[in-house]
Each structure stands twice: as structure tokens, then as C-alpha cells.
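Below: the structure, in C-alpha cells.
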Amino acid sequence: MTVTPAITVPMTEQPTDRPTDTPLWRFSLNFYRQAGVAEACIALQDDCGVDVNLMLFLLWLAAGGRQLSAQNIKELDEAVRSWRDLTIVPIRDVRRKLKAAATLVETGKQEAFRTRIKAIELEAERLQQEAVYARSRSGSRASEARPPAAARANLAAYERVLGARFAKDPVDRLMRAFEAVKFDDFATP
């Protein structure tokens, strides 16, 4: 997840100057800014194919004591795959390739362009989270658990869904940050 100011393009056809502000989005912005979280998320994204927005959703649910099964997570991953593959992944790839790439465009202009791409990437992520949040409002099949246990269980289930082995260090950094965050402002469904 890239944290920069959001471009305010709503999902509706009615223009507005306000981005959609969901408890999930507020949680994600707050959590991602915690020490070590961005690095842990990027490591899991690059090494294991983690969808950071989906992982943040799983942690947000866990903050409310909600634990999903691997099957539930697989269904969520399948639901977001087309959006992620069509928008977020290619936009991220362009942004990353532009970083320090030698092109004919003047360096400052290239970086300004890259910054605009970063904002578009963040907007695509926000739209994905908005859609996942809306889906969560229509009824969750989550079981209840204490938040830290739900967080560990959700991460472990996501690891199984991906058929990956999450490195211990990034998971430990996520869990330390998770246990330190106050969740009162991020009400779950």
C-alpha cells in the first residue's frame, strides 16, 4: 500500500470532493504508518504475493475480533483479483520502474509524473478497499476470537490460501504494531 494524498474520485457517477471514508480505510492509513508496517507489508507483497489491501482488511476484521476461514479468504482473494490485476499491479509496476530510471525526460519532471502515478495507485487501492468494505457489510461468515488471536489466524489462513510461507520477521512486525494500535476509531461491521 502506498501512502500519499488520495485523489478524490468516488465510485458513484455524482462528483464529490470527499473521498469515501470507511473504518477500513481509516484503519489502513493509521496501521500502515506504524513503525515497521510498510516494510513488512512490502516484503510480504514482494516475497509471497500478498495483496496488502486484502491483508489490511483481514487485520481490520481481526481488530474487531473477527476471524475468517481459509475458504472465506480464498473467496475474497478471487473477488478482488480482477481489480488488482487490471489496476493496482500494473500501476505499481509502472511507478516502480520509473523510480530512478534513466529516460529522456528530465529527472524532476519524471519524479513529478511518478508522484501522480503513486496517487492514482493509492486511489485504486482505496476503491478496492471500499468494495471489500461494502462486501463485508452484506454479512460476514467470520467467527469470533480475541483480536490478537484473530489477527494471527487470519494471517495464517491467508498464508495457506497463497500457498506461501510468510517470513517470521514481517509477521512479527505486523503483530507488534497490531497489538499496539487502539482500535476505537475503526469500528468493524
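Here are the numbers:
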read-out: In nm, spacing of pseudo-spin labels at PHE113 and ALA131 (7 Å Cα→C-beta vector); value: 2.8
read-out: Extended-chain gain in nm, criterion 0.36 nm per residue less alpha-carbon gap, LEU104 and ALA167; value: 18.8 nm
read-out: Relative packing of peptides 29-39, 100-110 - highest average C-beta neighbours within 10 Å first; value: 29-39, 100-110
read-out: Helix-only mean residue ellipticity at 222 nm for the chain, each DSSP H run of n ≥ 4 adding -39500 (n - 2.57), per residue, nearest 500; value: -20500 deg cm²/dmol
read-out: Interchain or long-range residues, amide H under 5 Å from ARG66's placed H; value: ALA145
read-out: GLU179 versus ILE42: modelled label distance in nm, points set 7 Å from Cα along the beta carbon direction; value: 2.6
read-out: Calculated FRET efficiency for the pair ASP85/ALA156, C-beta based, R₀ 22 Å, to 0.05; value: 0.35
read-out: Protection-proxy order for peptides 54-62, 160-168, 147-155, 130-138, each taking the mean of Cβ atoms within 10 Å per residue, highest first; value: 54-62, 147-155, 130-138, 160-168
read-out: The chain - Rg (one decimal) and Dmax (whole number), Cα, Å; value: 16.7, 55
read-out: Eligible lysines near LYS99 by straight Cα distance, threshold 27 Å, same-chain separation 8 or greater; value: LYS109, LYS118
read-out: Amide hydrogen neighbours beyond the local backbone of ALA142, cut-off 5 Å, H modeled; value: none
read-out: Backbone HN-Hα couplings from phi across segment 107-112 [Karplus 6.51/-1.76/1.60, Hz, Gly and Pro as x]; value: 3, x, 5, 5, 5, 5
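Every number here is computed from the coordinates shown, using simple stated rules; none is lab data. In this text, all values refer to a predicted model and were calculated from it rather than measured experimentally. Note that we place each Cβ from the backbone using ideal geometry, even for glycine, and neighbour counts take in every protein chain shown.
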